[in-house]
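Accompanying notes for the structure given below.
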């Protein structure tokens, strides 16, 4: 889904917002206009907070920067509105009657203080959409300068060719601020002096869930004030007027369903949240399902994996499998990591949902942690990890979901860098020129069927070419059944890591104090691939179940969940017939190449 | 049909079936090198493997040529640690590493030939393979192919013989100068012979009756 025709206007809108915020003296405003998406796809919610000196606040919007479609007066929210206790000088307006998948521009102004801010947004896709793009981020707390850099980088990413429609949504996995106090929200997330942050939040709806830093003894006061998502069972704390728990909820977004779990409210089997999440996953008809939470079950550390969530995952694994949850998205540990177990042997005794990526995206601004890549201690099942300020992109195209972790750096040394400063408004006076480097891309496919039981897949003719330093062989897939296999057939080389999808990011903070050393991690990481990847702590060094990281299938036509994949045929395999495709490997150590072919019908 | 007849028939059928079921695990490789007669170059043998979980050995024996063998080159191989022996004697390749190779200088004559045989403990339903291949090059590094020169990926390679983990073998010749022919193993021949003998005895007894 692309809105390239509107890219120019979009960029102009972002520049406009950026410039306006840059010249504003912030008169009359404490929280500049920002967006959340509450559903349905004909709506968008704009929020802001005045400093109690406003007269009449007006929200205007349209399909261009004349904002001519409509204009409304938006008074302060009432303190007595159920669920909105504690709001002070907060404005919130849910624009309705919009067209799905359409770019709009808006302006918030005050009769006395002038324009508070401008922004733009793309409405959610139609319910029948089969493709959509959006952003993911987490752990933005504690360092508004870095947060500003990352938001500037994301906005710059929007401006790269073909990326305009990523602007539509960002999901946040928690720890928005260092503490749920009003002062933290004001000086961190909503810091008016961080103009790139203001431009980003004015132009991208951010939906998410709270983290431990947004939480006090299971409850939150300020988080739901500023992010009043449609929580189905928000519960007021006894004796309080504006403090809540049970801040779990879910949303549909085109072909995607995202379920947000409140790790800090009861979620043991039988709890209200557990039952609600189960029913939520059972009810959705969306093909792509993401479960998002803050404290992850399997990360690379160094913040501890959540015991509560591991108990939850143990109980919910059958539910995740039954309802085809595609991946888990969390934060808490301040780095990027992908963990998982492809089979029971790799899982060992750990209660981990099989064949499901456990994504950590916690490099959103908080101090970066060195990942524990050993798989020998408290952080088992790590496959890849990298210490970085980062954000993720998600791209759903029909039966394929592509997610990429992107490192934000100031380095210019690598040719894979994307120099954002050329496409995003000039230096904002705070952050320097920024660069993006892909850390890792993970692709998930929804196949029609796993046809491995009805075929044999054999390799042959393996020859090493000393000149090219590549291994050449063939893979033959024979349909042994009496049933034709129609359409495209792909073979996943299970047991190998798809090195083609791993980037070569630099670590700009390796020699500085930016990274908080992880207890037990004695050295700076130089590889994104964990030791004994995907083995559990109970099966360390079990070579029979470890992913092999030395060999690369260089002619892979794709990947599936981090493993290389090759297209055997696009035209099916009739019963009793075979197809043969070439395989090419690089293998720098010349250690054993090992894989198990799994054959899928597209 | 008395008990003895039945016994002969069963033995014959079992032996015959066994001789058919056992894969032919030896191959005779013959290369017509007359176009290279008098040229110097290198014979490059390699045993490459996917999944060494099933250990196997490929043995090259019976090497013969009207050319002249030079010295073995142990410098330009990738990994010769799992290779033992020297041509024209037997050379054994174990599938310890993904590549196990052997390089030897030669002044080519009109022909060269050798026998390749395998030993392994087959495991069914595994997709892995070990391939013994022969390449002919004008230099020690494998950058100047002498035959099959236009192959886009493995120029210089003229023969590939596969041993799959299930014990099945197959072979491919990549150049018109090269012939790769399966050779029944002695044990297989013996089984076949016993089976045929049994069938003959059974038939003769039946005829007498």
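Residues A:168, A:552, arranged from fewest to most other Cβ atoms within 10 angstrom of their Cβ, appear as A:552, A:168. Which percent of the Cα-Cα distances in region A:159-278 go past 21 Å? Summing the P(r) tail past 21 Å for region A:159-278 gives 44 percent.
The ranking of A:35, B:115 by Cβ neighbour count inside 10 Å, starting from the fewest, reads B:115, A:35. Equivalent ellipsoid of region B:47-123: semi-axes from √(5λ) of the C-alpha gyration tensor, largest first, are 24, 15, 8 Å. The equivalent ellipsoid of region A:256-342 has semi-axes of 20, 15, 11 Å, largest first, where each one is the square root of 5 times an eigenvalue of the Cα gyration tensor. Gain on full extension, evaluated as 0.36 nm per residue between residue A:567 and residue A:102 minus their Cα-Cα distance, stands at 163.8 nm.
A Förster distance of 30 Å, applied to the separation of the beta-carbon atoms of residue B:181 and residue B:84, puts the FRET efficiency at 0.70. One Cα centroid belongs to region A:259-273, the other to region A:201-237; the line between them spans 15 Å. Counted by neighbouring Cβ atoms within 10 Å, the residues A:38, A:563 run from fewest to most as A:38, A:563.
A Förster radius of 35 Å, combined with the Cβ-Cβ distance separating residue A:235 from residue A:111, puts the computed FRET efficiency at roughly 0.35. When every Cα-Cα distance of region A:4-445 is counted in 10 angstrom steps from zero, the calculated P(r) takes the values 5, 23, 34, 27, 10, 2, 0 percent. Per the Cα gyration tensor, region B:25-184 maps to an equivalent ellipsoid with semi-axes of 25, 16, 15 Å, ordered largest to smallest. Report the FRET efficiency, 1/(1 + (r/R0)^6), for residue A:74 and residue A:271, where r is their Cβ-Cβ distance and R0 is 35 Å, rounded to 0.05. The computed FRET efficiency comes out at 0.40. Just how far, in whole angstrom, is region B:41-62 from region A:555-581 if you go by their alpha carbon centroids? Between the Cα centre of region A:555-581 and that of region B:41-62, the gap is 28 Å. Of the two radii for region A:295-391, the radius of gyration is 0.95 times the Kirkwood radius, both from the alpha carbons; that is the Rg over Rh value. How many percent of Cα pairs in region B:89-137 exceed 15 Å? So the portion of pairs separated by more than 15 Å is 60 percent.
Coordinate-derived values only; no laboratory data. Note that the structure is predicted; figures quoted are calculated from it, not measured. A quick note on method: Cβ atoms are made from the backbone with ideal geometry, for glycine too, and the neighbour counts reach across all protein chains shown.
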